[in-house]
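Written below as structure tokens is the structure these notes are about.
The values are calculated or read from the model by the stated rules, or taken from the named source; none is laboratory data. What you see is a predicted model, and the numbers here were worked out from it, not measured in a lab. Note that we place each Cβ from the backbone using ideal geometry, even for glycine, and neighbour counts take in every protein chain shown.
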Amino acid sequence: MIPLDFLNITWISIILMIIGALGIIWLIKPIDKLIMFSVMEVGFLLVVVSFKYLDVALVIALFGPISTVTFLLSIIKINDIRKRNKNNLEGEIID
């Protein structure tokens, strides 16, 4: 018997999805949430591959980095808006 025989790709992928989902819920910083989203996305991709839906896995692999970059750009924009609003509350005029 192989010592790690009880670990297969399905269990690992489900554990990755659960860790990613809990990290998104519990973590506060947006960048940490983005990292946990990527962990959850990898788990979902592994689930799809383990059930042999390789065409769907191809689409997920193509759209995954696009969604991550979109989230990153939105986080940068939100932080910029928050800094601008904070400066406006302090009395500075921004053009």
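Overview of results
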quantity: Lone unmet requirement of (1) loosely packed, with under 15 Cβ neighbours inside 10 Å; (2) touching a Lys or Arg at 6+ places or on another chain (Cβ under 6 Å); (3) of a type outside the set (F, W, Y) for I24; calculated: (1)
quantity: Condition met for K33 (of a type in the set (K, R) and assigned to a helix (DSSP H, G or I)); calculated: yes
quantity: Residue list for region 43-61, restricted to those being β-branched (V, I, T) and either touching a residue at least 24 places away in the same chain (Cβ under 8 Å) or touching a Cys at 6+ places or on another chain (Cβ under 8 Å) (or both); calculated: V47, V49
quantity: Failed criterion for I28 (all others in (1) modelled with pLDDT of 90 or more; (2) in a helix (DSSP H, G or I) hold); calculated: (2)
quantity: Residue ID - surrounded by the most Cβ atoms within 10 Å (Cβ to Cβ), chosen from residues in region 50-92 that are over 30 Å from I9 (Cα atoms) and under 16 Å from the mean Cα position of the chain (by Cα); calculated: I75
quantity: Only listed residue being of a type in the set (S, T, N, Q) and within 28 Å of N79 (Cβ to Cβ), chosen from S50, S38; calculated: S38
